[in-house]
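Written below as structure tokens is the structure these notes are about.
FYI, it's all coordinate maths here, none of it is from the lab. Everything numeric here is computed off the predicted structure, so don't read it as measured data. Backbone-built Cβ (ideal geometry, glycine too); neighbour counts: all protein chains shown.
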Amino acid sequence: MIDCSKVYVKESQIHGLGVFAKQDFKEGDIIEIGLMYRIQNVDGNENPHLFTWSDDRTVWAGASGCIPWYNHSDEPNIKKVGDLINDTMKIIALRDILKDQELCNRYFSAKWRKCFKTTLQ
């Protein structure tokens, strides 16, 4: 299932494009649900729009909906919860969020992926 009806993408003050709330959210609300698709023969260390999709960091995936456009923050208001078995991802509110607020998460792989070295440091 893909559901990105509660968010929209526009220019961000943080970096490039970002994802914003179309409505208010309460802590724990599911904001978006997307499908992940595994991609072979790529190096996700070079591409910031791919996701680490295995515990051993050898599988990469792309995402549906607005999932590729959530920006990083050291003070995130959402978290991404990946289901590696079913190839889905949920975006969940970490706290109350107001309509039109940018939605940001902490990038799990920011510490080790080369593609984030210049944009997040």
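According to the Kirkwood relation over distinct C-alpha pairs, the hydrodynamic radius of the range 1-55 is 13.8 Å.
For the chain, modelled as a GNM whose springs connect Cα atoms under 10 angstrom apart, the maximal fluctuation among Lys79, Lys26, Lys90 occurs at Lys26.
For the chain, what Kirkwood radius comes out of the mean inverse Cα-Cα distance, in Å?
Working: mean 1/r = 0.0686 Å⁻¹.
Here the Kirkwood hydrodynamic radius works out to 14.6 Å.
Summarising the amide proton neighbourhood of Asp96: residues at separation of 5 or more, or on other chains, whose placed amide H is nearer than 5 Å comprise Glu27.
Ranking Gly28, Cys66, Leu98 by how far each Cα lies toward the positive end of the dipole of the chain (charges on Cβ) leaves Cys66 at the top. For Lys80, give me every one of the aspartates and glutamates with a C-alpha distance below 13 angstrom, ignoring sequence neighbours fewer than eight places off in its own chain. The qualifying aspartates and glutamates are Asp29, Glu32.
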